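S.K.: My structure is below; once you've seen it, I'll send some questions.
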Amino acid sequence: MAKTIWFHMQGYRDLPKDFKQRYESSWVSPPNRELCDSEKVREYVNLNLDELEFADDMGFDGVGTNEHHANVYGFPIAPTLTAATLARRQSDAAICILGTTIPTTVTMRVAEEIAWLDCMSGGRIIAGQPVGSAMDTVGVGGIPPTQVRKRWYEGMELIRQAWTKPGPFPFNGKFNKLRNVNPWPLPLQDPHPPLWLAGGGSLETYDYAAKYNYAYSYLSFNGAKYAKSLMQGYWDVIEKAGLDDNPYRAGFAQFILVADTDAEAERLYAEHVENFYNKSMHIPPHFSAPPGYMSKQSLENMMLKTGTASPFLTKQDPTFKDAVASGAAICGSPDTVAEQLIDAIKDLRVGHLIALMQMQSMPTELTKMNTQLFAEKVMPRIRDIWKEEGYVDHWWPSGATRNADVAQTVAAGEAK
C-alpha cells in the first residue's frame with residue numbers, strides 16, 4: 001500500500017506583500033531583524049507542533065520535518081528537536097527526519113541524537129540524510145561548494161560505523177578525526193533506523209542509493225510532471241544495479257490542497273499558493289546553483305531533462321492556475337485530488353508520498369481542514385496502490401506499526 005507522511009516545513013507565515021520586490025532572496029539573506037518577529041515565531045512553532053500532532057491523530061502513516069537555515073518557507077533548524085516532541089507521544093506512526101544536514105553539523109551529534117530519538121519513540125524513526133541544499137551548506141554554512149558532497153560521504157560512513165561497529169574505535173577521516181567513536185545509546189532498531197536519501201536530481205545520489213540499498217525521495221516544488229524524467233533516471237540506475245523495482249525504494253514530495261469542490265479549493269488556497277511561489281521561491285541562481293556544488297554530469301543531466309540548473313527555479317511570477325496546471329500543487333475536491341495523486345504515484349512509481357499540506361502563510365484552521373479532508377476522503381483511495389503486487393517495505397521503521405494490523409486483517413480475510 002502507498003504510505004503517506006504528513007510533512008511540515010515550518011515556515012514564517014507573515015511576510016510583506018512586496019517581499020519579492022524589496023529583498024534579494026527568501027533564503028540565506030532575508031534580514032532577520034527586519035523580517036523575523038520572535039514573538040510570532042513562538043506562536044508559529046507551537047502551531048506547527050499542533051498541526052503535526054493533529055496529522056498523527058488523523059491516521060497518517062508518518063509525520064515529519066526537515067532542516068533549513070535563514071529560510072522564510074521553512075526554518076526548523078534542528079529537526080531532531082521537532083522529532084523529540086513527537087517521539088514522546090503514544091503513537092504508532094513513523095517519525096520522518098528528512099533530514100539533518102550532515103555537512104554543516106557535528107556528525108557524531110547526528111548519530112547520537114537519532115539513536116536517542118529511536119529509543120525514545122520505540123523504534124519509529126526514519127533517518128533521512130540529504131546532502132543539503134546549496135543555500136544551507138554553502139550560503140549559510142560557508143562550506144566551499146566542492147566540499148559539500150565529500151563531507152556528506154564521510155559523514156554517512158561515520159554514522160554507519162557508529163551504529164554498526166562495536167565501540168570505542170578510532171575514525172580518521174579528512175573532516176572527522178575521532179579517537180573514540182562510542183555512541184551511547186545505540187538505536188533501538190537493529191541494526192539502525194532506515195536511512196533515506198533525498199535530492200533534486202543529482203546523479204551521485206542515485207548511485208549512492210543503489211550502492212547501499214537506501215530509499216530515495218525526490219524533493220522539489222514543481223510537481224510530478226517536472227519530476228518524471230529525473231525519477232526515471234533514478235529507476236534506470238536501480239535497474240542497472242540489478243535491484244528490484246520495489247516502489248518503496250522511492251518517495252516524492254507534493255503540495256496537496258483539498259476542499260469540498262474545485263471552486264472552493266481555489267477560493268481557499270489561491271492566495272497561499274501564489275504567496276509561496278512568488279515569495280518562498282524567490283531564490284537567485286547564485287544561491288541555488290553555485291558553481292561546483294553540483295557535478296558537471298548532474299548539471300548537464302538536469303539541464304537536459306528540465307531546462308534549469310536548479311530544482312528551485314520556477315516560472316516567473318506564477319499564478320494559482322499556473323501552479324495547478326503544471327501539477328506543482330494538486331488542488332481541488334477529494335475526487336480531483338485523489339485522481340491526480342493516483343496518476344502521480346503510479347507514474348513516478350513511489351511507495352512513500354510526502355504530503356505537503358501547509359503552505360507557509362496558511363492559517364492553522366485551514367491546514368487542519370485540509371489535513372482532515374485528505375485523511376478521510378483521499379487517503380483511503382490511495383492506500384491500496386501497490387497492494388496487489390505484494391511488495392514489502394524494507395525501508396520503514398520497525399516500531400511504526402500503524403495500519404499494519406489493518407493490512408493483516410485484510411490479508412486474513414482474503415485468505416479465507
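S.K.: Taking the stretch 1-22, which residues are buried (at least 19 other Cβ atoms within 10 Å of the Cβ), assigned to a loop (DSSP other than H, G, I, E, B) and of a type in the set (D, E, K, R)?
M.R.: Arg13
S.K.: Just give me the residues in the stretch 346-366 being buried (at least 22 other Cβ atoms within 10 Å of the Cβ) and β-branched (Val, Ile, Thr), in sequence order.
M.R.: Scanning the stretch 346-366 gives Val350, Ile354.
S.K.: Whether any residue in the stretch 255-264 is under 26 Å from Lys346 (Cβ atoms), of a type in the set (S, T, N, Q) and over 24 Å from the mean Cα position of the chain (by Cα) is what I want to check.
M.R.: yes
S.K.: Please name all residue pairs, on different chains or six or more residues apart, with Cβ atoms under 7 Å, provided the first residue is in the stretch 107-123 and is within 14 Å of Leu195 (Cβ to Cβ) and without any contact (Cβ under 8 Å) to a residue 60 or more places away in the chain and the second residue is hydroxyl-bearing (Ser, Thr, Tyr) and crowded, with 24+ Cβ neighbours inside 10 Å.
M.R.: As it stands, the answer is Val110/Thr100, since those pairs meet every condition given.
S.K.: Would you mind listing the strands (runs of 3 or more DSSP E) fully within the stretch 178-297 where at least 1 residues are closer than 18 Å to Leu356 by Cα and free of Cβ contacts under 8 Å to residues at least 60 places away in the same chain? If you could, list the steps in order and put the result at the bottom.
M.R.: Details: elements: 195-199, 215-218, 250-258.
Ranges flagged: 215-218.
S.K.: I would also like to ask the following. Only helices (runs of 4 or more DSSP H) wholly contained in the stretch 23-96 count here; list those with 3 or more residues that are under 20 Å from the mean Cα position of the chain (by Cα) and modelled with pLDDT of 95 or more. Quick ask: steps written out before the conclusion?
M.R.: Numbers: elements: 32-35, 38-57, 79-87.
By residue number, 38-57, 79-87.
S.K.: Filter the stretch 162-177 down to residues that are farther than 18 Å from Ile126 by Cα, outside any loop (DSSP other than H, G, I, E, B) and touching a helix residue (DSSP H, G or I) at 6+ places or on another chain (Cβ under 6 Å), then give me how many there are. Before the answer, list the steps.
M.R.: So in the stretch 162-177, the residues farther than 18 Å from Ile126 by Cα come out as 165-177.
Those still in the list that are outside any loop (DSSP other than H, G, I, E, B) too: 169-172, 177.
Narrowing further to those that are touching a helix residue (DSSP H, G or I) at 6+ places or on another chain (Cβ under 6 Å): 171.
Final tally of qualifying residues: 1.
S.K.: Which of (1) surrounded by fewer than 18 Cβ atoms within 10 Å (Cβ to Cβ); (2) within 22 Å of His68 (Cα to Cα); (3) charged (D, E, K, R) is the odd one out, the single condition Lys174 does not satisfy?
M.R.: (2)
S.K.: Can I ask one more? When the stretch 367-388 is examined, which residues are found to be polar (S, T, N, Q) and either surrounded by fewer than 18 Cβ atoms within 10 Å (Cβ to Cβ) or assigned to a loop (DSSP other than H, G, I, E, B) (or both)? Don't jump to the end; show me each part of the working.
M.R.: Of the residues in the stretch 367-388, the ones polar (S, T, N, Q) are 367, 370-372.
Residue satisfying the conditions is Gln372 alone.
S.K.: So, one more: Regarding Gln408, is this residue in a helix (DSSP H, G or I) and either modelled with pLDDT under 90 or in contact with a His (Cβ under 7 Å, 6 or more places away or on another chain) (or both)?
M.R.: Values: in a helix (DSSP H, G or I): yes; either modelled with pLDDT under 90 or in contact with a His (Cβ under 7 Å, 6 or more places away or on another chain) (or both): yes.
Judged against the criteria, Gln408 is a match.
S.K.: Condition first: surrounded by 19 or more Cβ atoms within 10 Å (Cβ to Cβ) and charged (D, E, K, R). Now tell me which residues in the stretch 277-297 satisfy that.
M.R.: Residue satisfying the conditions is Lys279 alone.
S.K.: I'm trying to understand the selection: among the residues of the stretch 200-229, which are over 22 Å from Asn278 (Cα atoms), among the hydrophobic types (A, V, I, L, M, F, W, C) and in contact with a helix residue (DSSP H, G or I) (Cβ under 6 Å, 6 or more places away or on another chain)?
M.R.: Leu203, Ala210, Ala215
S.K.: When residues of the stretch 166-177 are filtered for being of a type in the set (Lys, Arg) and either within 22 Å of Cys119 (Cα to Cα) or touching a residue at least 12 places away in the same chain (Cβ under 8 Å) (or both), how many remain? Can you show your working first?
M.R.: Restricting attention to the stretch 166-177, the residues satisfying the condition of being of a type in the set (Lys, Arg) are 174, 177.
Restricting the remaining residues to those that are either within 22 Å of Cys119 (Cα to Cα) or touching a residue at least 12 places away in the same chain (Cβ under 8 Å) (or both) gives 174.
The number of residues fulfilling the criteria is 1.
The values are calculated or read from the model by the stated rules, or taken from the named source; none is laboratory data. Here the structure is a predicted model, which means the values were calculated and not measured. Methodologically, a virtual Cβ is constructed for each residue, glycine included, from the backbone with ideal geometry; neighbour enumeration extends over all protein chains shown.
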